[in-house]
Amino acid sequence: MYSKPAWLSASPSLYVQSDGQSCERFFANFFANTRHFVLRATGGCAGLEEKYYSGLETLSQVLSGLPQANKHDSSTDPTERQPRFSGFCLFGGTRMILKDAPQEYLPGITEVFPPMGKHCPDARILGIVAKAGHLRTTPFGLVVADEPENAFVTIIHPEQHSVLLLQPNVDSKADWHCEWRRCLDICQAHASNHWQGLLLVYNGGPVSEAELLTWAELGLTNDFYRVLLVQDSGGCADKYAYSEAFLKAHKNVFTCGNDYRSMQETLLHLQAIT
């Protein structure tokens with residue numbers, strides 16, 4: 001009997017769920033012996049302006065407990081272990097690769113969590129993916145969306161622990177909203193068990209906005225549903241981060257700057273990193 005090789009052990013498990021079904025095997029990921037904290041991320045992917053790329057990388061560094069990359073800033077001791085995330089990360093579970101150069105990928109919110117796997121041994125990286133197109137197996141990954149007008153295709157991200165692929169049925173495509181709605185179903189189960197939760201919003205369009213507003217309203221009556229908006233990241237994050245009326249009406253919504261120090265201080269305050 002052969003032992004499982006390292007490359008196979010490191011490959012994410014993939015489950016497919018159709019409407020009206022449940023997937024107990026994917027949900028079993030939440031039985032892992034780690035902190036009962038669910039961190040959900042939403043935000044910009046396709047069309048994200050290049051000026052926001054560095055902020056996404058900084059966010060991943062902060063969550064991973066890596067020191068500040070700027071060598072000219074001595075505020076962070078590179079030899080000292082920084083706070084880092086432990087718990088369960090829920091994200092879109094995809095990667096955008098270029099059609100003409102498939103070895104290259106476009107930065108987006110779905111690139112924040114995967115690098116954490118190498119630095120946060122007590123974090124589980126779990127993807128929820130909408131089958132937004134007919135599936136294609138390729139040498140560069142499993143394609144879940146291929147829109148002719150785009151210079152990229154969307155594949156299932158190769159660096160995560162487990163992924164759940166959502167479809168209405170075997171012949172039909174899903175819309176992008178089903179991702180956050182399924183994440184919300186998962187979070188509701190943990191909220192009822194008094195876990196901690198946080199929705200992290202960086203940039204984002206109409207789909208992220210719908211999720212943001214849902215969490216903001218649920219948080220009025222349940223402390224699980226907290227929201228962190230990254231200021232100066234563009235999109236719907238800025239729309240609400242700079243709305244005094246919205247923030248005043250939703251005490252469960254917090255903001256941080258688009259820089260290492262502000263992200264780290266706020267995530268520490270919210271106990272997302274410890």
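The table below lists the values:
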{"item": "Close pairs from the range 213-241: first among the hydrophobic types (A, V, I, L, M, F, W, C), partner open to solvent by 30 Å² or more (accessible area, probe 1.4 Å), Cβ under 6 Å, at least 6 apart", "result": "L228/F254; L229/T255; V230/N258; C236/E209; A241/Q231; A241/T255"}
{"item": "Residue list for the range 139-150, restricted to those being of a type outside the set (D, E, K, R) and surrounded by 12 or more Cβ atoms within 10 Å (Cβ to Cβ)", "result": "F140, G141, L142, V143, V144, A145, N150"}
{"item": "Number of positions in the range 1-28 that are closer than 19 Å to F88 by Cβ, of a type in the set (S, T, N, Q) and at pLDDT 90 or above", "result": "2"}
{"item": "Scope the range 168-181; condition open to solvent by 40 Å² or more (accessible area, probe 1.4 Å) and within 19 Å of G44 (Cα to Cα); matching residues", "result": "D175, W176, H177, R181"}
{"item": "Hits in the range 234-256 (condition: part of a loop (DSSP other than H, G, I, E, B) and under 27 Å from D122 (Cβ atoms))", "result": "N252"}
{"item": "Lone unmet requirement of (1) within 19 Å of H36 (Cα to Cα); (2) open to solvent by 40 Å² or more (accessible area, probe 1.4 Å); (3) not basic (K, R); (4) not in a helix (DSSP H, G or I) for Q188", "result": "(4)"}
{"item": "Qualifying residues in the range 12-46 (those that are small (G, A, S) and either in contact with a helix residue (DSSP H, G or I) (Cβ under 7 Å, 6 or more places away or on another chain) or free of Cβ contacts under 8 Å to residues at least 12 places away in the same chain (or both)) - the one farthest from L200 (Cα to Cα)", "result": "G20"}
{"item": "Condition check for I186: in contact with a Phe, Trp or Tyr (Cβ under 8 Å, 6 or more places away or on another chain) and either basic (K, R) or within 25 Å of L98 (Cα to Cα) (or both)", "result": "no"}
{"item": "Flag for V201 being in a strand (DSSP E or B), crowded, with 22+ Cβ neighbours inside 10 Å and in contact with a Ser or Thr (Cβ under 7 Å, 6 or more places away or on another chain)", "result": "yes"}
{"item": "Residues of the range 224-237 that turn out to be in contact with a strand residue (DSSP E or B) (Cβ under 8 Å, 6 or more places away or on another chain) and surrounded by fewer than 20 Cβ atoms within 10 Å (Cβ to Cβ), as a count", "result": "1"}
{"item": "Some residue of the range 112-135 being more than 24 Å from L63 (Cβ to Cβ), without any contact (Cβ under 8 Å) to a residue 24 or more places away in the chain and out of contact with any strand residue (DSSP E or B) (no Cβ under 9 Å at 6 or more places or on another chain)", "result": "no"}
{"item": "Selection from the range 84-102 of residues that are in contact with a strand residue (DSSP E or B) (Cβ under 8 Å, 6 or more places away or on another chain) and among the small types (G, A, S)", "result": "S86, G87, G92, G93"}
{"item": "Test: G87 is farther than 30 Å from T137 by Cα, modelled with pLDDT of 95 or more and out of contact with any Cys (no Cβ under 6 Å at 6 or more places or on another chain)", "result": "yes"}
{"item": "Residue match in the range 36-45 (condition: at pLDDT 95 or above and surrounded by fewer than 20 Cβ atoms within 10 Å (Cβ to Cβ))", "result": "yes"}
{"item": "Flag if H161 is open to solvent by 10 Å² or more (accessible area, probe 1.4 Å), of a type outside the set (G, A, S), at positive phi and modelled with pLDDT of 95 or more", "result": "no"}
{"item": "Identity of the residue in the range 204-214, part of a helix (DSSP H, G or I) and either surrounded by fewer than 19 Cβ atoms within 10 Å (Cβ to Cβ) or not acidic (D, E) (or both), that ends up nearest to the chain's Cα centre (by Cα)", "result": "S208"}
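The values are calculated or read from the model by the stated rules, or taken from the named source; none is laboratory data. Computed from a prediction, not measured in an experiment: that's the story for all the values here. With ideal geometry, Cβ positions are generated from the backbone for all residues, glycine too; neighbour counts draw on all protein chains shown. Surface areas here come from the heavy atoms of the whole protein model, side chains and all, with no ligands, DNA or RNA. Shrake-Rupley method; radii C 1.70, N 1.55, O 1.52, S 1.80 Å.
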